[in-house]
1. When the chain is treated as a GNM, springs tying every alpha-carbon pair under 10 Å, which of N13, N107, N94 comes out with the largest mean-square fluctuation?
2. Leaving out ligands, DNA and RNA but keeping every protein chain, what accessible area does I86 have, in Å² rounded to the nearest 10, with a 1.4 Å probe?
3. Hey, any idea what % of the stretch 52-159's accessible area is carbon plus sulfur with a 1.4 Å probe?
4. Return the calculated 222 nm mean residue ellipticity for the chain, to the nearest 500 deg cm²/dmol, obtained by summing -39500 (n - 2.57) across DSSP H runs with n ≥ 4 and dividing by the residue count.
5. Give the residues of the stretch 15-37 whose amide nitrogen is closer than 15 Å to a point set 7 Å from the Cα of V82 in the direction of its Cβ.
6. What FRET efficiency would be calculated for the residue pair S104, T38, taking the C-beta separation as r and a Förster radius of 22 Å, to the nearest 0.05?
7. Which cross-chain or sequence-distant (5 or more) residues have an amide H under 5 Å from the amide H of N87, H modelled 1.01 Å from N in plane?
8. Taking only Cα atoms and a 10 Å spring cutoff, compute GNM fluctuations for the chain and point out the largest among D142, D159, D120.
Amino acid sequence: SLGLTASDSELVNITAGNLTFVTTGNVTVDGVSSTNTTNISNTFTIQAGNQLTFANNDSAFQNALDAQANSGITVSRNISIVNGGINLDADVDNTGGGTLIVDSNANVDSNNLGLSITADDIDITAGNLNSGSNTTTITDSDGTGIGFGNVTLGLNLSDAELANISSENLTLET
């Protein structure tokens with residue numbers, strides 16, 4: 001049984017500048033529609049004390065999305081926004097326990113707006129990150145370094161993963 005639930009049809013009844021959902025546990029996002037998030041005029045924030053999963057059905061947000069978790073984010077279905085950009089922080093506490101996983105055929109699409117990712121590692125060998133004509137910024141959360149190709153450090157990006165990032169500008173930081 002789940003604690004707090006908010007269905008997509010209930011979201012349309014919420015009017016707010018910013019909307020924040022906070023839990024110490026896990027969060028699953030399933031089938032949010034941009035039409036039903038129109039009344040959230042700025043940022044839709046989700047803070048999971050453990051893991052955050054986008055599952056079962058695609059989710060789209062009218063304005064900015066700020067998704068945060070201490071122990072990883074898994075994107076199993078498409079995520080997109082209309083306005084505002086996407087921030088995915090899979091390791092909010094910066095302890096090295098948060099990986100961003102984008103599953104096969106799942107896409108994170110910021111609609112030519114900024115895409116910011118913070119994680120201990122990322123796994124996008126089968127999914128896609130797309131900020132189009134804007135910038136994708138990927139930050140190593142625990143500062144252990146970034147490895148390219150066959151190098152293993154903290155946050156590792158294989159050739160296949162780099163090929164699945166579409167962005168006018170790509171910034172990698174540690």
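1. Among N13, N107, N94, the largest mean-square fluctuation in the Gaussian network model of the chain belongs to N13.
2. Its heavy atoms expose roughly 10 Å² to the probe.
3. Working: 1540 of 3900 Å².
C and S atoms contribute 40 percent here.
4. Values: 2 runs with 9 residues, N = 174.
Calculated at 222 nm, the ellipticity per residue is -1000 deg cm²/dmol.
5. 15-16, 32-37
6. Values: r = 31 Å, r/R0 = 1.39.
Plugging the Cβ-Cβ distance into 1/(1 + (r/R0)^6) gives 0.10.
7. Residues meeting the criterion, in which the H sits 1.01 Å from N, are L65, D66, A67, S116.
8. The residue that fluctuates most here is D159.
The values are calculated or read from the model by the stated rules, or taken from the named source; none is laboratory data. Bear in mind that the values here come from a model prediction, so they are computed numbers and not experimental data. We place every Cβ from the backbone using ideal geometry, glycine too, and count neighbours over all the protein chains shown. Heavy atoms of the whole protein, side chains included, go into the accessibility calculation; ligands, DNA and RNA do not. Shrake-Rupley method; radii C 1.70, N 1.55, O 1.52, S 1.80 Å.
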